[in-house]
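Heads up, the thing below is written out as C-alpha cells.
Laboratory data are not the source of any read-out in this text; all were calculated from the coordinates shown. Quick caveat: nothing in here was measured; it's all calculated off a predicted structure. All Cβ positions, glycine included, derive from the backbone under ideal geometry; neighbour counts span all protein chains shown.
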Amino acid sequence: MDVLVLIGRILFAIVFLSSAVGHLTQHKQLGAYAASKGVPAAEAATLLSGVIMLLGGLSIVLGVWADLGALLIAVFVFPTALIMHAFWKETDPQTRQTEQISFLKDAALGGAALVMLAFFAYAGHDLGLTLTGPLFHMG
C-alpha cells in the first residue's frame, strides 16, 4: 500500500510542481493574465501562488508534513477556481465551457487535496515512504 500511496502522491503533486515552475519563471506574463481577471497585485500574487504550489507539492511528494502540503494545495485551488475560472461571468459559449471545465478541475483537485489532508492526518504515522508524520491529527 505504501508504494501505491507514493505513486498517487507523485501523480497528484506533479501538476502543482510543474505549475509552480511556470508561476515562478513566467510571473510577468502570468501576472498580466491574473490582472486581466481582476487579481490585485497580480504579479506578486502569481509569485506567491508559485511558492504555495511548490511547497505544497514538495511536501506531498517527499512526505514532509504531507497533510500540511495538501492543505496548502487546497488553499490555493479553491480561490483560484472562483477568481480565475468564473465561468458564470463569460458570455461567449466556448470560453464559458473552457472556464467551466477549468473550474471543475480545480474544484476536483481541491476535493482530492482535502481527502489527502484527512488521509494523512488520520493514517500518516502508519504510512511508510514519508520523511515525517503528519502535522495534524484526526481520528
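Obtain the nm distance between the two label points defined at Val3 and Leu17 by a simple spin-label model: each point lies 7 Å from its Cα along the Cα-to-C-beta direction.
1.9 nm
Report the paramagnetic label zone for Glu90: residues of the range 96-139 whose backbone N is under 14 Å from a point 7 Å from Cα along the Cα-to-Cβ axis.
Once the point is set 7 Å along Cα→Cβ of Glu90, 96-106 turn out to lie under 14 Å by backbone N, inside the range 96-139.
Treating only the Cβ of Lys, Arg, Asp and Glu as charged (+1, +1, -1, -1), what charge dipole size does the range 2-125 show about its Cα centre? Round to the nearest 20 debye.
The dipole of the range 2-125 has a size of about 120 debye.
7 Å from Cα along Cα→Cβ at both Ile83 and Ala112: what's the point-to-point distance in nm?
2.3 nm
Can you give me the span-like helices of the chain, meaning DSSP H runs with 15 Å or more of Cα extent along the axis and Kyte-Doolittle mean at or above -1.0? Intermediate values should be presented prior to the final figure.
Working: long enough: 2-25 (33 Å, 1.84); 42-62 (29 Å, 1.93); 66-84 (26 Å, 2.16); 93-123 (44 Å, 0.48).
Sorted by number, the helices that extend far enough and score high enough are 2-25, 42-62, 66-84, 93-123.
So, how do all the Cα-to-Cα distances of the range 19-74 break down into 10 Å bins, in percent, from 0 on up?
29, 43, 24, 4
For Cα pairs less than 8 Å apart in space and 6+ apart in sequence, what is the mean separation divided by the residue count of the chain, i.e. the relative contact order in percent?
Relative contact order of the chain: 24 percent.
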